[in-house]
Amino acid sequence: MIEKRAVFATRFAAVATTVGSAVGLGNIWRFPYEAGMHGGAAFILCYLAFVFAIALPVLCAEFAMGRDTRSNIFGAFRKLCPGGAWHYVGYVAILASLLILSFYSVVAGWTVEYTLASVCGKLNFADAATGHGQFVELTTGWRPVVWTVIFLLCNVCVLMGGVTKGIERMSNILMPLLFVLLVAFCINSFTMPGFADGIRFLFSPDFSKITPAVLLSALGQAFFSLSLGLGCMMTYASYFSDRNRLGTTAFTTAMLDTLVAILAGIIIFPAVFSFGISPGSGPTLVFEVLPFIFSQLPAGAVWSTLFFMLLFLASITSTVSMSEISITFLCEEKKMSRRSATLLSSAIALVGGVLCALSFGPLRGFTIGGMTVFDLFDYVSSNICLPLGGMAVSIFVGWVIDRRMLRRQMTDGGAFRFRLLPVLVFCLRWLCPAAILLIFLNSIGLI
Ligand code: PFF
């Protein structure tokens, strides 16, 4: 049975929900570690350029496609280009969404574990030097598998609550709260001995550090952070009302998402330099550094509990959105009930999640192309599938379909003038496809 399509009640709810999807572990966990591994400010500079010149136009295009067709990614491509093969992009999108859901659930599982460890007083705040040992203890072996499963179960519960009820209610309350907490921690960073070094690392670029790998990672991070290239924003926009200035919603989402990432950087790097941790520590960086920060604060356990709990909730608003891609596909294309679709996609993510969780423990030595399963899922989805998906969307909207669709959607059916339309069209036709292609060819050494 296909359920009736829901519509977000207010514009605020629509923005809160897209921001809820965009803001998550990508900003607070992935952005700092990617920046740390790829030269800090040089990476951030590329990232900012890609967010505004490439990802933002693609976000507008996804919004337009989603609201125009009111369907999932397959339906959107098919309705706009009947008879074409474009809807096959949807398969790559679904693959990417399930890969991301798998490794994302592992990290979200760590947040659950850290929340509980904080509540039970098991995070050792008195002796911050044991941060690394603690991380290893909490996240290796079979334990993370249990937390990954628990996290995915929470995700299923929210998804079963339906689109408007479950997601809207959570996003409206949690996102502002998380933001306030981040600002508070950011202010605390000013007091750290490594503040100046941290800020220099973040904002004073060494241009010689910009390599093809840095460009590709920054591009992947821009798409990952804005939940782009896999039809997630397209699916959400299919629930927008007809009066929702898409350009404003897209810009607000990009700004807030970037702001949260930068705040996370300002929280993490002064601490990294204060405590002598290597900025290039990789995926474990943030989880090793945060307990150090809490150990410096009065009532550290309280802050820690609050922070990890909010991070867990921010992760859920993101996983709900990425699950929505395969669920709407299964419901609308395969005529499954929402319940069965939710269970099926969660079961697939569960298998992937277990493999990713084990790659910090028993499967550590199992690598493909030098990457563990966790790293491989992340690399393939974020650095390959998402930018390619974004390139497909920009070529599709810029070249393949009638350009009046974009105009209609960006102006709410002619209700107002959207002055930036020519710029948007230029970006979608030329800049986005060309830049993504060049970065790809460059990173595989072809140019
Ligand atoms: N944008 C999310 C984050 O930054 O945490 C991650 C994400 C959500 C990626 C939804 C892809 C997606 F479809």
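The values are calculated or read from the model by the stated rules, or taken from the named source; none is laboratory data. This is a predicted model, so every value here is computed, not measured. Every residue, glycine among them, receives a Cβ derived from its backbone with ideal geometry; neighbour counts consider all protein chains shown. Heavy atoms of the whole protein, side chains included, go into the accessibility calculation; ligands, DNA and RNA do not. Shrake-Rupley method; radii C 1.70, N 1.55, O 1.52, S 1.80 Å.
Can you tell me which residue is most open to solvent (accessible area, probe 1.4 Å) among those in the stretch 372-393 that are touching a Ser or Thr at 6+ places or on another chain (Cβ under 7 Å) and within 15 Å of the ligand (Cβ to nearest atom)?
Here the answer is F377.
Restricting the stretch 105-132 to residues that are under 30 Å from L230 (Cα atoms) and among the aliphatic types (A, V, I, L, M), which is modelled with the lowest pLDDT?
V112
Check A55, A41, A64, A35 and return the single one that is away from the ligand (no atom under 16 Å from the Cβ), surrounded by 24 or more Cβ atoms within 10 Å (Cβ to Cβ) and of a type in the set (A, V, I, L, M).
Sole residue among the options that is away from the ligand (no atom under 16 Å from the Cβ), surrounded by 24 or more Cβ atoms within 10 Å (Cβ to Cβ) and of a type in the set (A, V, I, L, M): A64.
Working only within the stretch 228-247, note down all residues that are at pLDDT below 95 and more than 16 Å from the ligand (Cβ to nearest atom).
Scanning the stretch 228-247 gives F240, S241, D242, R243, N244, R245.
When the stretch 14-29 is examined, which residues are found to be within 11 Å of A264 (Cβ to Cβ) and more than 7 Å from the ligand (Cβ to nearest atom)?
The answer is I28, W29.
Tell me, please, whether a residue that is of a type in the set (D, E, K, R) and within 12 Å of the ligand (Cβ to nearest atom) can be found in the stretch 280-289.
Checked the stretch 280-289: no residue is of a type in the set (D, E, K, R) and within 12 Å of the ligand (Cβ to nearest atom).
Looking at S204, S225, which one is modelled with pLDDT of 95 or more and near the ligand (Cβ under 10 Å from one of its atoms)?
S225
Any chance the stretch 110-121 includes a residue that's within 13 Å of the ligand (Cβ to nearest atom) and open to solvent by 10 Å² or more (accessible area, probe 1.4 Å)? Before the answer, list the steps.
Start the filter on the stretch 110-121 by keeping residues that are within 13 Å of the ligand (Cβ to nearest atom), which leaves 111.
Adding the requirement that they be open to solvent by 10 Å² or more (accessible area, probe 1.4 Å) leaves none.
No, there is no match, as no residue in the stretch 110-121 is within 13 Å of the ligand (Cβ to nearest atom) and open to solvent by 10 Å² or more (accessible area, probe 1.4 Å).
Could you check, for the stretch 93-104, whether at least one of its residues is under 13 Å from S315 (Cα atoms) and either more than 13 Å from the ligand (Cβ to nearest atom) or modelled with pLDDT under 95 (or both)?
no
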